[in-house]
Amino acid sequence: MDDKHHIHPPTKNRHKQWTANPSEQWAFALDHMDVGEWDLAISHCQRAIDILPTYYDAWLLMSGAHEAKGDLDAALDAAQRASEIAVGELSQAWNNLAALHVIREEYDEAITIDRVLSLVDPSRLPMTSYRMSVSYTALGDHEAGERWLREAIEHRPDLYDRALNEPLLRPHHDWLRQEEHLFTKRERTRE
């Protein structure tokens, strides 16, 4: 059979081409940094970021290349983006860690992490407050548990129903039900 009539199966590449691999682009950028080729380093960092916009190492390396080149504004912008990505990733990791400590009934550890997390990423305050309510209540400090639960629901009224379904928050269910009108009123004013 001649080649013209022979059907070849499609070739599958196991690896992405170098142009589509952010780690390889970062490695190329690092090589250029080592020899002082700042523009080429920046170009490869930008390619890595185009492929994976949250690539922390590429943003950080790009910042260093801009700084070495003398473009401090661009260096600051890249460093700022790297720090935003780092905070976001750290925030998610700490959120997961605190939740796992609660599941494992390691309440003191969960409280410690949630206190730090609420400072590092204030957008997580409703959930950190909710978990601290669970943790303090489980440790027997119902007053602190109530205070944190009120704060959580104040910021996220949808946590009211969740709290009523949480067995660890049972000591708070009576006052929650008695004050339901306050929480549903807040929910309506937010809409």
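The values are calculated or read from the model by the stated rules, or taken from the named source; none is laboratory data. In this text the structure is predicted, and so the values were computed from the model without any measurement. Note: ideal-geometry Cβ built from the backbone for every residue, glycine included; neighbour counts use all protein chains shown.
Among the residues of segment 42-59, those that are under 20 Å from the mean Cα position of the chain (by Cα) and β-branched (Val, Ile, Thr) comprise Ile49, Ile51, Thr54. On the stretch given as segment 113-147, residues that are under 17 Å from Tyr160 (Cα atoms), of a type in the set (A, V, I, L, M) and surrounded by 19 or more Cβ atoms within 10 Å (Cβ to Cβ) total 3.
Where helices (runs of 4 or more DSSP H) fall wholly inside segment 28-137, the ranges with 2 or more residues that are among the small types (Gly, Ala, Ser) and over 30 Å from Leu159 (Cβ atoms) are 38-51, 56-69, 72-103. Number of residues in segment 19-42 that are free of Cβ contacts under 8 Å to residues at least 24 places away in the same chain and hydrophobic (A, V, I, L, M, F, W, C): the value is 4. Looking only at residues in segment 155-184 that are more than 16 Å from Val134 (Cα to Cα) and assigned to a helix (DSSP H, G or I), the one that is modelled with the lowest pLDDT is Thr184.
Does Gln25 qualify as being within 30 Å of Leu139 (Cα to Cα), surrounded by 11 or more Cβ atoms within 10 Å (Cβ to Cβ) and modelled with pLDDT under 95? No, not satisfied. Evaluated against (1) over 27 Å from Glu84 (Cβ atoms); (2) touching an Asp or Glu at 6+ places or on another chain (Cβ under 7 Å), Arg147 falls short on exactly one condition, (2). Summed over segment 34-78, residues that are within 27 Å of Pro122 (Cβ to Cβ), surrounded by fewer than 18 Cβ atoms within 10 Å (Cβ to Cβ), among the hydrophobic types (A, V, I, L, M, F, W, C) and modelled with pLDDT of 95 or more total 1.
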